[in-house]
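Asker: Just dropping this structure here.
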């Protein structure tokens, strides 16, 4: 595994974990606006994780 693949995997994993942690807050935030904002940020991070992990798979030649 080269450095670029390792870096994109780390970025993808970080986005995925942070997205899951923000998803745990859905319905538990103190205000409705904060709850919706956290859910939207979590979805954005999930999309970023998908892109990073897909890029890492494509770069390493293991596209699925």
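FYI, it's all coordinate maths here, none of it is from the lab. Just so we're clear, the structure is a prediction, and the values are computed from it rather than from any experiment.
Asker: So what is the relative contact order of the stretch 3-60, in percent, for Cα pairs below 8 Å that sit 6 or more residues apart? Write out the running numbers ahead of the final one.
Answerer: On the way: 56 pairs, mean separation 30.2, N = 58.
Once divided by the residue count of the stretch 3-60, the mean separation gives 52 percent.
Asker: I've got another one for you. Length gain on complete extension for the stretch residue 1 to residue 51, per 0.36 nm per residue less the alpha carbon to alpha carbon distance?
Answerer: Gain on stretching residue 1 to residue 51: 16.2 nm.
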